[in-house]
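To start, the structure itself, in structure tokens.
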Amino acid sequence: MSIPIEGAARRDRAVICEVCGHEMRQLPGSYEGQRDWVCSWCYAVINIFAGSEHAPRPVYLPVNRRWEIAEAEGLPEDVSHAYAYFGDTLCGIQMDGMSPSPYRWTTAHEGTCQDCKAAAEAIDCRWPQEKRDWDVQVIAPAMDPNSPLF
Ligand SMILES: [Zn+2]
Ligand SMILES: [Zn+2]
């Protein structure tokens, strides 16, 4: 499923979030041919490909499937902070070289940062209920290779 970029109200260089209407910010590390944007309010992420008129709809993920644990030299390892895309954590810690770890951040993690948890829950609340099932797709059943095409 995708939305026309016009539908995302692309004005000049601004991209407006389809989920909540706030402005999106371009993610660092976007590469040639693709620009990734994240909403400054609900943290919806979209990928816009060069020359494409469409962007996939942002996918809703619940709090415990959404974030990765932040990693940085000097960041205490006994507290798990959620990585917030811009070299920072959801609770606002900013450090040079901070990056997401391969590990999922969850509120059930021992040593979960309570400020990150509060932020993650607040962000979750910014997704209207009706925008949460955008990731539901109807998958065609696998075809039997021996069956006639039609
Ligand atoms: Zn948004
Ligand atoms: Zn934190």
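Read-outs throughout are calculated quantities, based only on the coordinates presented, and are distinct from any laboratory measurement. All of these numbers come straight from a predicted model, not from anything done at the bench. Here Cβ is always computed from backbone atoms with ideal geometry, including for glycine, and neighbour counts include all displayed protein chains.
Assorted remarks:
- In plain terms, the residue of I69, I16, I123 with the fewest other Cβ atoms within 10 Å comes first and the most crowded comes last, giving I16, I123, I69.
- Per-residue Cβ neighbour rank within 10 angstrom, fewest leading, E71, E121: E121, E71
- Charge sum, other residues only, whose C-beta stays under 14 Å from V79's C-beta, Lys/Arg counted +1 and Asp/Glu -1: -4
- Computed extension gain for N64 through M95, at 0.36 nm per residue and net of the alpha carbon distance, reaches 8.8 nm.
- Counting every C-alpha pair in the range 63-130, the share spaced more than 14 angstrom apart comes to 52%.
- Per-residue Cβ neighbour counts within 10 Å put Y83, Y103, Y43 in the sequence Y103, Y83, Y43, beginning with the fewest.
- Farthest toward the positive end of the dipole of the range 32-89, out of I69, H81, W37, is the Cα of W37, where the dipole comes from beta carbon charges about the Cα centre.
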